[in-house]
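The values are calculated or read from the model by the stated rules, or taken from the named source; none is laboratory data. Worth saying up front: this structure is predicted, and the values here are computed from it rather than measured. Virtual Cβ from ideal backbone geometry, glycine too; neighbours counted across all protein chains shown. Ligands, DNA and RNA are excluded from the accessible area calculation, which covers all protein heavy atoms including side chains. Shrake-Rupley method; radii C 1.70, N 1.55, O 1.52, S 1.80 Å.
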Amino acid sequence: TTTNLLCGIDSLSPSVWNYIHIFTVILVSSLNHHPSIIMPLLDPPAEFLQLLHESLLLPNNDESKTLDDDDDEVLSYVAFLAAGLAEANEFDATVWSDALTPYLEHDDKTRGPTPLDPTMVVETFRQAIHRSILGSDPQDEDESIGNDDDEDGAQEICDLRFNLAYGGKILLHNTKLRLLRGHRYALVGQNGVGKTTLMNAIHTQKIDGWPSSDVITSAYVDSGSNVDPDHEAQLVMPYLMTTTGKSEPDCVAKLEELEFTEEMMRGTIGALSGGWQMKLRLVMAVLVDPDIYLMDEPTNHLSKSAVEWITNYLQQLSHQTILVVSHDTTFLENVCTDVIHYEQRAVWGPHRRLVHYKTKMSDFVKLQPQAKHYFELATTDHVKYVFPNPGRLEGVKTSTQKFLEMEHVDFKYPTRERNTLTNVALKMTLSSRVAVLGANGAGKTTLIKMIVGETIPSNLGVCKFYIHPNLRIAYVAQHAFSHVEQHMEDSPVAYIQWRFKDGWDREKLESEAFRIPPEEQQAIDDFGIEGVWSRRMKAGKLEYEVKKRNVPEKDNKYYTRDELMAMGFEHLIKQTDEKIASREAGLDLRPVTTTEIQKHLDDFGLTQEFGTYGKIRGLSGGQKVKLVLAAAFWTVPHLVILDEPTNYLDRENLGALSAALNEWGGAVLMISHNQEFYSSVCKEEWNLVDGHLTVQGTSKEREMKAVSRKKKYEKEDTEDVVLDKAGGNTNTDGDRYKDATVTFWGNTVSKKEARAYEKAKKKGDVAGMRKALQIPDGKVMPGFEELGSGK
C-alpha cells in the first residue's frame with residue numbers, strides 16, 4: 001500500500017528524499033494498475049540485492065527458506081532504497097533503520113516459526129554495504145577500532161563529521177572526530193599532514209559543529225615554532241595573570257612548582273630559554289583549567305624532570321580531555337589512552353581521514369605495523385637526507401687536528417651577578433660528535449653562542465680561546481623558525497636566493513652578532529676605512545689589508561687582528577672573516593638558480609611542491625626544520641650545531657637525520673634531551689652543571705672528508721638559449737664567452753682572477769674579462785677572439 005511504501009521516508013535527509021521521491025511517485029501509481037512493472041522500474045544493483053539476501057540468513061535461523069515472488073518484490077525495493085542511501089553517502093544507523101525496517105516487518109521472511117529481527121537485518125545489511133563500498137565496517141571507518149567497553153559511559157565532547165583544508169590543500173575529507181571526556185588522545189601522523197592545523201581549527205572553533213566556548217573551553221599549548229617579538233617583549237607575571245584571569249599568588253605558586261626563580265617571574269618572556277618558555281605555556285594551560293587541552297609538542301625543550309612533572313599532571317586528570325601531538329613516543333605511551341591516526345586508503349580517494357584506535361601507542365603499532373617508525377629510530381627507503389661534505393679547512397690536514405679550543409673560559413651576562421660559564425675547557429676536531437647535556441638554564445645555549453661567535457668570553461686575554469678563522473658553522477638554533485620568520489610569504493627557494501645571492505650568508509651578517517653597531521660605524525668612518533680587502537697569515541698572526549678612502553690601492557696597509565680589535569672594529573673583522581670563509585666554500589661562484597636550489601632542497605626531503613611552488617607559511621613544523629637545515633648546509637659547513645633537533649621531526653625523519661650525520665664528514669655538536677637520538681650520533685658528552693663543564697667519552701677518529709675538490713655546477717639555459725634549441729630564436733649568444741683557465745701570458749688563472757672573470761662574464765663586461773685575463777690593449781688572445789683587441 002501507499003502507506004507501507006512511504007513509511008520511514010520522513011526521517012531521511014533532503015538529499016536522500018530528492019533521490020527517492022520521483023521513483024516512489026511512479027511506484028505508487030503503478031501498483032494500482034500494473035504490479036508487474038515494479039521490477040523493471042526499480043531494478044536495484046545486483047550486488048545490493050545479493051547482500052540483502054545474505055543478511056537475511058542470520059545465525060540460528062533457517063537458511064533453507066526460499067523467497068516467493070512477493071518477497072522478491074519487497075526486497076528489491078529495499079535494496080533500491082539502500083542504493084539511494086549509499087549514493088548520498090548516508091550511512092547513519094538510525095536513518096537506515098527508519099527507512100528500511102518497516103518493509104521487513106511486513107515481509108514473510110522475517111515472520112514464522114523462527115522470525116528474524118528486522119532491525120538486526122537492516123544493521124547487518126548496512127554494515128555489509130559499507131564494507132563493500134568503503135572497504136571497512138562503519139565502526140572501523142574512522143573512529144572506533146577497539147573495545148567500546150573502554151568508554152564507561154563517558155560524556156561526549158563532540159561527534160562531528162567535517163572537512164579541513166589549509167590554503168588550497170585539502171587535509172581531511174569527510175572525516176569523523178568523536179572525543180570523550182576523561183580520555184587522552186595521541187594525534188599521530190607524518191610531518192605535513194595537518195596535525196597542528198587541526199589543533200588550531202579546534203581551538204579557534206573553525207570546525208563546523210564544534211561546541212562554542214560557552215559549552216566547551218579549551219587551552220592551546222603551542223610548540224613555540226612561531227617566534228613573535230611582541231609576545232617575547234611582555235613581562236612574565238602580567239602576561240600570565242591577564243591570560244588566565246588568576247591572581248598573582250596563584251600564578252606564583254604554580255610557577256614555583258616548576259622551579260621558576262624570582263628573576264624569571266619578573267623578567268620578559270624573551271629572556272627565558274626555550275625550555276622555560278614551554279614551561280610557562282604549560283603553567284598557563286593548567287591555570288586556565290579547560291575542558292580540553294590541545295597540546296602541540298609539549299615536551300619540546302623540557303628537561304627530564306619537567307617531562308615527568310607534566311606526565312604526572314596529565315595522568316591524574318579524570319574530567320578533562322587531552323589531544324596531544326608529540327614525537328616523544330615514551331611520553332605518548334605513558335599519557336595517552338587512545339590514538340587518532342591520519343590515514344589514507346584507496347577506497348577513500350586522494351584525501352586522508354582520521355582513524356580512532358581505542359588503545360595505547362604500543363598496541364596501536366601492532367594494529368598498524370607500518371607505523372613502527374613512531375617507536376624505532378631507523379631509516380626508511382623513502383626518507384633520506386644527503387649532506388654535502390665540507391671543503392678544505394686551511395692548515396687542517398687530518399680529522400683529529402683541532403679547529404677549536406678553549407681553556408679557563410668564563411662568561412657573564414652584563415645584567416647578572418654571577419658567571420653563566422666558569423673555567424670551561426674543551427676542544428673540537430672534524431671527528432668530534434658531541435652532545436651537550438644539562439638542565440634548563442645550565443648554560444648550554446650560552447656555550448653554543450660563544451662557539452658560533454655571537455658572544456665572546458668575559459675574561460678574553462686571560463683565557464685561551466681559539467676558533468679557526470675560516471671555520472664554517474651551520475647553526476640550527478633552538479628557536480629554529482627565527483631563521484625564516486621574516487619570509488613567511490616567500491617560497492623556500494626564494495628565501496635561499498635572498499639569503500645567499502651575494503655570495504655570503506646575508507641573514508648571518510645582518511644578525512645582531514655580526515651587524516656593525518652605530519658606535520663602531522662611527523669609529524670606522526673616523527679612521528677613514530673604505531673596506532677590508534684581504535687577509536693573510538704572517539709570523540703566526542692574522543693580518544688584514546685595509547683600504548682607506550682617497551688613498552691609492554698601492555698604499556693599502558696591513559693591520560694585525562689584535563690591532564683592529566683594539567681600535568673597536570670587532571664586528572667589521574667578524575664580517576670580513578665570514579665573507580672570506582664563504583669565498584673559500586665557493587659561494588660566490590655557486591649559482592642561486594631555482595634549479596640549483598631545488599636540487600639542494602631535494603637532498604633534505606623538501607620536494608618541488610613545497611620548495612619551489614609553496615610558501616613558507618604553509619609548511620609544517622617538520623618541513624620548516626628541513627628548510628632551515630638545507631639553508632644551513634648551503635655554506636658547505638665544517639661544523640653543524642643542532643639545538644634541540646628532535647623537537648619538530650617525526651621519528652622517521654629523525655632516523656634519516658641520524659644516518660645522514662653519521663655519513664657526513666664534518667663535526668657535530670648538539671643539544672638534545674632525547675638520549676635515543678643523540679646517542680645514535682654522539683659518543684662524547686659535555687655535561688654542564690651550574691656553568692661548570694665536564695667531558696665524558698671520546699669521539700672516534702673518522703675518515704678525513706674535508707678536502708679540496710672542484711664543484712661543477714650545471715649552467716641553466718637562458719631564455720634565448722632555450723628558444724634557440726627549439727629553433728625559434730636567431731639572436732642567441734649561446735656560450736659566446738668561454739671559461740678562463742689561463743691568462744694571456746700562459747699562466748694558470750688564480751682564484752681571484754677566475755672570480756673576476758666570472759663576474760665580468762655574467763655582466764657581459766668585455767673590458768673586465770680582458771683585465772682578468774691580463775690581455776694587453778691592442779692584442780687579441782688566441783681562443784678568446786670574441787673579446788676583441790680592446791680598441
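Numerical summary
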| item | result |
| --- | --- |
| Helices (runs of 4 or more DSSP H) contained entirely in segment 644-757, each with at least 3 residues that are modelled with pLDDT of 80 or more and out of contact with any Pro (no Cβ under 6 Å at 6 or more places or on another chain) | 651-663, 675-681 |
| Residues within segment 193-218 that are assigned to a helix (DSSP H, G or I) and of a type outside the set (A, V, I, L, M), tallied | 5 |
| Close pairs (6 angstrom Cβ cut-off, 6 or more residues apart or separate chains): hydrophobic (A, V, I, L, M, F, W, C) in segment 496-525, assigned to a loop (DSSP other than H, G, I, E, B) anywhere | F500/V592; F500/W634; A513/E454; A523/G568 |
| V227 within 29 Å of E652 (Cα to Cα), open to solvent by 20 Å² or more (accessible area, probe 1.4 Å) and at pLDDT below 90 | yes |
| Hits in segment 408-438 (condition: in a loop (DSSP other than H, G, I, E, B) and open to solvent by 60 Å² or more (accessible area, probe 1.4 Å)) | K412, Y413, P414, T415, R416, E417, R418 |
| Cross-chain or 6+ apart pairs with Cβ under 8 Å, segment 277-306 first and free of Cβ contacts under 8 Å to residues at least 12 places away in the same chain, then open to solvent by less than 10 Å² (accessible area, probe 1.4 Å) and in a helix (DSSP H, G or I) | none |
| Meets criteria (in contact with a Gly (Cβ under 7 Å, 6 or more places away or on another chain), touching a residue at least 24 places away in the same chain (Cβ under 8 Å), open to solvent by less than 30 Å² (accessible area, probe 1.4 Å) and part of a helix (DSSP H, G or I)) for M265 | no |
| In segment 501-512, residue farthest from G611 (Cα to Cα) [restricted to those that are open to solvent by less than 60 Å² (accessible area, probe 1.4 Å) and in contact with a helix residue (DSSP H, G or I) (Cβ under 7 Å, 6 or more places away or on another chain)] | L509 |
| Boolean, L421 is of a type in the set (A, V, I, L, M, F, W, C) and touching a residue at least 60 places away in the same chain (Cβ under 8 Å) | yes |
| Flag if L240 is more than 27 Å from the chain's Cα centre (by Cα), open to solvent by 70 Å² or more (accessible area, probe 1.4 Å), closer than 20 Å to G275 by Cβ and not charged (D, E, K, R) | no |
| Within segment 587-616, considering residues that are of a type in the set (A, V, I, L, M) and more than 10 Å from V493 (Cβ to Cβ), the one most open to solvent (accessible area, probe 1.4 Å) | L589 |
| Elements of type helices (runs of 4 or more DSSP H) contained in segment 515-606, each with 2 or more residues being β-branched (V, I, T) and over 42 Å from the mean Cα position of the chain (by Cα) | none |
| Some residue of segment 471-478 being in a loop (DSSP other than H, G, I, E, B) and in contact with a strand residue (DSSP E or B) (Cβ under 6 Å, 6 or more places away or on another chain) | yes |
| Options T607, T594, T560; residue that is free of Cβ contacts under 8 Å to residues at least 12 places away in the same chain and either touching a helix residue (DSSP H, G or I) at 6+ places or on another chain (Cβ under 9 Å) or polar (S, T, N, Q) (or both) | T607 |
| Segment 758-773, residues that are in a loop (DSSP other than H, G, I, E, B) and surrounded by 15 or more Cβ atoms within 10 Å (Cβ to Cβ) | D765, L773 |
| Any hit, segment 166-189, residues being in contact with a Ser or Thr (Cβ under 7 Å, 6 or more places away or on another chain), open to solvent by 60 Å² or more (accessible area, probe 1.4 Å), at pLDDT 90 or above and not hydroxyl-bearing (S, T, Y) | no |
